[in-house]
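Peer 1: One structure, as structure tokens, below. Some questions next.
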Amino acid sequence: MRVRFLLLVLLILFSTNTFAEEKNSAEPVKKGKETKLEEIVVTATRTEKELDSAPGSVNVVTKKDVEKRNIQTIDEALNTTAGVVDSRGKGMMDKMANVTLRGISGQQRTLVLTDGFAVNSPYSGSVNWNGIVPEDVEKIEVVKGPFSSLYGGNAMGGVVNIITKMPEKREFTVKGVYGSSWHRGEALDDLKKFYVSYGDKIEEKLRLFLSYANNTTNGYPADLNVQSSKPTTSITGWTATTSNTGAKRYLIGDKGDNEWRNDSIAFKAAYDFSPTSRVKFSFLRATDDWHYDGPHTYLQNASGNEVWSYGTVKESSFIAGAGGSEWNMYNMGLETEISQAKVKLSLGYLDQATYWNVTADSSATRTGGTGTVSDTPTTAYNADLQVTVPFLDGHILTFGGVFKSAKLDSQNNSLTNWGDEDTTMALTYQSKGKDRTYAVFFQDEILLHEKLTAYVGFRQDWWETYDGYVNQIGTAGYPKIYSTRSDSSFSPKGALVYKPFEQTTLRTSAGRSFRSPTLYELYRTSTFASGTTYASNPDLKPETVTSWDISVEQGLWKGAKIKATYFENYISDMVYSKTTSSTLVDKVNAGKGESRGIELEAEQRFDKWLRLFANFTYTDSEIKENNANPASVGKNMVNTPRIMFNAGGDLEKGPFGASITGRYMSKRYSNDDNSDTASNVYGSYDDFFTVDTKISYKPVSWAEASFSVSNLLDREYYSYSPAPGRSWFLSLTLKY
């Protein structure tokens, strides 16, 4: 398999080089020919670099790209990018949405930045994708491959950098959206979005930006009640189904419409002391609240009355509790030049002030009963100093240091009434812990030839975890206090960028990345109503990956370009959950895995009014070692589709605009032994093909109206939950 991939890539390299050479010799450069302005990216090198000269595989989603599509959440803007898996099972209210790159699954293994500041939660590595509204974004840079040499932990699959906009003049925007499912109850009903922003540039020195967004939806019944116990013969209304592994199950109801609300505030300010010196400040705040409007039973007895319990199935199985979160991010930066050196200093504070969720006890009913409220506040500090300076002839050095620190304090309290989170009683569980990281990094950009550039760099991280504490109130052996321990990781990387012709770019890179265990993996132990305990492990080691890739990007005729990339990843010390007994699951470093694949991309632009695109991703992943579950060896890694395909187009002609995109993703596995082979059942991750479309009209330059349809073909599939069906949206945007 690997040999075939290499032969394919070499064939593409040969054919495209030949094409470029022939074109170069046949078409001399004409005097006065229009020069194309190259797009500038910053994520691949931490410095400004032309897109076609950047090392690594870089994709850019612009503000214009976002506006042309029906994008409700920022991660959706990435779901047509080659090599990107956007997992969002039940629309905007999905709390577990994640974006992963190149077959390295788990949000904790893909680093996400906002204006260069890491926003992965130190608790779990997750990202609040609802915290940044699409309307605030200037562009998103997706850099695939190992990038710990520049960014440290989490950057195993790559880096997603969300760059928000700053005004160049006074501007005011108001936007309203209303949408709902085509058939009530099959997708997000009564979705309402409101957005307003103001920006200004004062005396060419001070720039200000302020925005507010509010989103609400009545949701739909995405959380089903599926039981292994068959209803008695006198009960009707149930449906026979299976688990995701094919075992007999019975669908007896759902937990109600998953209603959701989100508020986001963003404030940014920048002051230019001179053309080379600037200070910046930003503040982002997002709050989410979710609840259910009341469960539904599908069961009836012989008299036609509703049935809420039978045999061992209790009424509590229909109940889902409310939850919410508050997320604040503060960031201050300074940029200046000292002689020939460019200096950047960034100070950041991420405050997950609350992340709470209610669980009803097994004895609870719809009208009341006891329960538990869990809250997991987490904070993180970050300081980053970077210096970029030319050195000797043909060298650009980028180096600096980083300090990061995070703290967790997770608590469970009993509730006298599960339906009221304010009826808090005694503390039943608490886990605490801290970690900190010191790091230095270095990169040398070396101009070997006017057409050949090399990048050599490394980063050394020293990681320490301390003040670990767990207390399971009333349980023997608690509280437990964990001793301080430390580890380190060396992350080297090298890359070559060769531009033999104007429209040809060849790239290759290799490197090593790592991920330190999250505070959740180190210190959070959870016991579920079933009696099973999922234990933490303060002795976990960092995960590592060694990766390499090779790619060619070739311009063809006017407006056309293609790109082909081959990659391989070798992962070690993967953190797995190990079933130690019938009631205990431990976390251990037990696994090794490999993934390899190819990304093919093509784009054709016709002047400025029409763009067509298509891309294809093939990923072959395999678990090579897993002491926690030997049956998984040789199986596909979880949440890694073998095939993804995206195609579409967009046009703008006069006041009219339109876009259409089609997306295919093959089946994914959630079990490491790939036993979840059943499809179209609750808990499965099915293959799917969906089509989204949008049409817009600008009657005047400052107003735009649009009509959008998501899942146009009304495909039915599961992404654990039943995915949203066909939905429609109306929007009106006013800009001054």
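Peer 1: Pick from segment 261-270 the residues that are touching an Asp or Glu at 6+ places or on another chain (Cβ under 7 Å) and open to solvent by less than 40 Å² (accessible area, probe 1.4 Å): which of them is nearest to LEU191 (Cα to Cα)?
Peer 2: Taking segment 261-270 and keeping what is touching an Asp or Glu at 6+ places or on another chain (Cβ under 7 Å), we get 261-262, 266.
If we keep only those that are open to solvent by less than 40 Å² (accessible area, probe 1.4 Å) too, we end up with 262, 266.
Details: ASN262: 11, ALA266: 22 Å.
Of everything passing the filter in segment 261-270, ASN262 is nearest to LEU191 (Cα to Cα).
Peer 1: Run PHE273 past the list (1) in contact with a strand residue (DSSP E or B) (Cβ under 6 Å, 6 or more places away or on another chain); (2) assigned to a strand (DSSP E or B); (3) open to solvent by 60 Å² or more (accessible area, probe 1.4 Å) and report the number of the one that doesn't hold.
Peer 2: So the condition that PHE273 fails would be (1).
Peer 1: Would you check if PHE5 is open to solvent by 40 Å² or more (accessible area, probe 1.4 Å), more than 30 Å from THR164 (Cα to Cα) and either under 20 Å from the mean Cα position of the chain (by Cα) or at pLDDT below 90 (or both)?
Peer 2: Details: open to solvent by 40 Å² or more (accessible area, probe 1.4 Å): no; more than 30 Å from THR164 (Cα to Cα): yes; either under 20 Å from the mean Cα position of the chain (by Cα) or at pLDDT below 90 (or both): yes.
Answer is no for this residue.
Peer 1: Among the strands (runs of 3 or more DSSP E) lying completely within segment 473-521, list those that include at least 3 residues that are open to solvent by 70 Å² or more (accessible area, probe 1.4 Å). Spell out the reasoning first.
Peer 2: On the way: elements: 480-482, 485-501, 504-515.
Fully inside segment 473-521 and qualifying: 485-501.
Peer 1: Further, regarding this structure: Going by the structure shown, is TYR195 among the aromatic types (Phe, Trp, Tyr), touching a strand residue (DSSP E or B) at 6+ places or on another chain (Cβ under 9 Å) and crowded, with 17+ Cβ neighbours inside 10 Å? Walk me through how you get there before you give the answer.
Peer 2: Values: among the aromatic types (Phe, Trp, Tyr): yes; touching a strand residue (DSSP E or B) at 6+ places or on another chain (Cβ under 9 Å): yes; crowded, with 17+ Cβ neighbours inside 10 Å: yes.
Yes, satisfied.
Peer 1: Run down ALA426, ALA454, ALA439 and say which single residue is small (Gly, Ala, Ser), farther than 21 Å from ARG485 by Cβ, open to solvent by less than 30 Å² (accessible area, probe 1.4 Å) and part of a strand (DSSP E or B).
Peer 2: Working: ALA426 fails: open to solvent by less than 30 Å² (accessible area, probe 1.4 Å); ALA439 fails: farther than 21 Å from ARG485 by Cβ.
When all the criteria are applied, what remains is ALA454.
Peer 1: Continuing with this model, one more query. I'd like the full set of residues that are in a strand (DSSP E or B), more than 30 Å from LEU732 (Cα to Cα) and either open to solvent by less than 30 Å² (accessible area, probe 1.4 Å) or without any contact (Cβ under 8 Å) to a residue 24 or more places away in the chain (or both), limited to segment 621-659.
Peer 2: Kept after step one, since they are in a strand (DSSP E or B), are these residues of segment 621-659: 621-626, 643-653, 656-659.
Narrowing further to those that are more than 30 Å from LEU732 (Cα to Cα): 621-626, 643-645.
Matches in segment 621-659: SER621, ILE623, ASN626, MET644.
Peer 1: Any residue that is assigned to a strand (DSSP E or B), of a type in the set (Phe, Trp, Tyr) and farther than 22 Å from SER684 by Cβ - is there at least one of those in segment 591-613?
Peer 2: Checking segment 591-613: at least one residue is assigned to a strand (DSSP E or B), of a type in the set (Phe, Trp, Tyr) and farther than 22 Å from SER684 by Cβ.
Peer 1: Assuming VAL700 fulfils every condition listed in (1) β-branched (Val, Ile, Thr); (2) touching a residue at least 12 places away in the same chain (Cβ under 8 Å); (3) closer than 30 Å to PHE172 by Cβ apart from one, which condition is it?
Peer 2: It fails just one condition, (2).
Peer 1: Can you find, within segment 679-725, the residue that is nearest to ASN636 (Cα to Cα) among those that are open to solvent by 50 Å² or more (accessible area, probe 1.4 Å) and among the β-branched types (Val, Ile, Thr)?
Peer 2: So the residue we want is ILE695.
Peer 1: Within segment 145-169, work out how many residues are in a strand (DSSP E or B) and more than 13 Å from the chain's Cα centre (by Cα).
Peer 2: 2
Peer 1: Suppose we filter ASP692, ASP714 for residues that are modelled with pLDDT of 95 or more and under 21 Å from the mean Cα position of the chain (by Cα); which single one remains?
Peer 2: On the way: ASP714 fails: under 21 Å from the mean Cα position of the chain (by Cα).
Every option except ASP692 fails the conditions.
The values are calculated or read from the model by the stated rules, or taken from the named source; none is laboratory data. These numbers were taken from a predicted model, which means no experiment stands behind them. Methodologically, a virtual Cβ is constructed for each residue, glycine included, from the backbone with ideal geometry; neighbour enumeration extends over all protein chains shown. To get the accessible areas, we keep the full protein, side chains included, count just its heavy atoms, and leave off ligands, DNA and RNA. Shrake-Rupley method; radii C 1.70, N 1.55, O 1.52, S 1.80 Å.
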